[in-house]
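Read the structure below first, then the notes.
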Amino acid sequence: MTTRSDIITALLSLGEEKGLANVSLSDIADEVDIRKASLYSHFDGRQAIVDAAVLHCREILARKQFDVDFRAKDANSLLVSLFNSIIETFAEKPVSSYFSIIRQMCMFDGSFADENRRITSMITARIRIALEFCVQRNWLNIKDTDYAADLITAAVINRICDVLSSESEWDTDILAENLIALFS
């Protein structure tokens, strides 16, 4: 029997592939190989599946630590470890599907815009902590860590989008070196 998680996974996969607005209950049922009516034994409707998918991915992200190597010997090593942790998290299923859907939908749906802001704030907070650590160690000369964190977050999110859209490898060393050059 198909479980709730199979249905959520199908929604996320199809939403990433076709766009969430184009995913019907029939599409989800076909993907998990059940009758459409059977979906209602697990969820009240399409919006309930979307809500469950959001909650599921939020829980995954809440468990992620976005590791920063505070034993690093320099800013580059510390930032590379953080960037790798963030990008690896967002490149893994189902978070990659979730992130793609949020990016697709945030201009059209206020709840997805809020979710996009929540994710951006979460990433920014981790980056700010890393930058403040680098400033305390005199590795970087940053007067406004909030501004720097916002700038770096935008670059990291753009890199995540690049990785997800092209299936390419990411080079966080170059990203870190270029960002460090701005604040040295």
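When residues of the stretch 97-124 are filtered for being among the hydroxyl-bearing types (S, T, Y) and within 24 Å of L151 (Cβ to Cβ), how many remain?
Within the stretch 97-124, residues that are among the hydroxyl-bearing types (S, T, Y) and within 24 Å of L151 (Cβ to Cβ) number 4.
Considering each residue of the stretch 51-107, count those that are among the hydrophobic types (A, V, I, L, M, F, W, C), surrounded by fewer than 15 Cβ atoms within 10 Å (Cβ to Cβ) and over 23 Å from E16 (Cβ atoms), and give that number.
1
From the list E132, E169, which residue is under 19 Å from L78 (Cβ atoms), in the same structural domain as E92 (by TED's automatic domain parsing) and either at pLDDT 95 or above or charged (D, E, K, R) (or both)?
E132
Determine whether A37 is more than 30 Å from A148 (Cα to Cα), at pLDDT 95 or above and part of a helix (DSSP H, G or I).
So A37 does not fit the description; no.
Kindly establish whether I127 is out of contact with any strand residue (DSSP E or B) (no Cβ under 6 Å at 6 or more places or on another chain) and in contact (Cβ under 8 Å) with a residue 40 or more places away in the chain.
Criteria met by I127.
In contact with an Asp or Glu (Cβ under 9 Å, 6 or more places away or on another chain) and not in a loop (DSSP other than H, G, I, E, B): does that describe C161?
no
Tally up the residues in the stretch 25-50 that are of a type outside the set (A, V, I, L, M, F, W, C) and surrounded by 13 or more Cβ atoms within 10 Å (Cβ to Cβ), please.
Residues meeting the conditions: 7.
Considering only the stretch 133-156, I want to know if a residue exists there that is assigned to a loop (DSSP other than H, G, I, E, B), buried (at least 21 other Cβ atoms within 10 Å of the Cβ) and of a type in the set (F, W, Y).
yes
Name the residues in the stretch 78-92 that are out of contact with any helix residue (DSSP H, G or I) (no Cβ under 8 Å at 6 or more places or on another chain) and under 14 Å from M122 (Cβ atoms), would you?
Passing the criteria: only S85.
One line per residue, one yes/no per condition, for (1) assigned to a helix (DSSP H, G or I); (2) in contact (Cβ under 8 Å) with a residue 12 or more places away in the chain:
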| position | (1), (2) |
| --- | --- |
| A29 | yes, no |
| A48 | yes, no |
| D51 | yes, no |
| A62 | yes, no |
| K73 | no, no |
| N84 | yes, yes |
| S100 | yes, yes |
| Q104 | yes, yes |
| F108 | no, yes |
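The values are calculated or read from the model by the stated rules, or taken from the named source; none is laboratory data. In this text the structure is predicted, and so the values were computed from the model without any measurement. In this analysis, Cβ positions are derived from the backbone assuming ideal geometry, glycine residues included, and neighbour counts consider all displayed protein chains.
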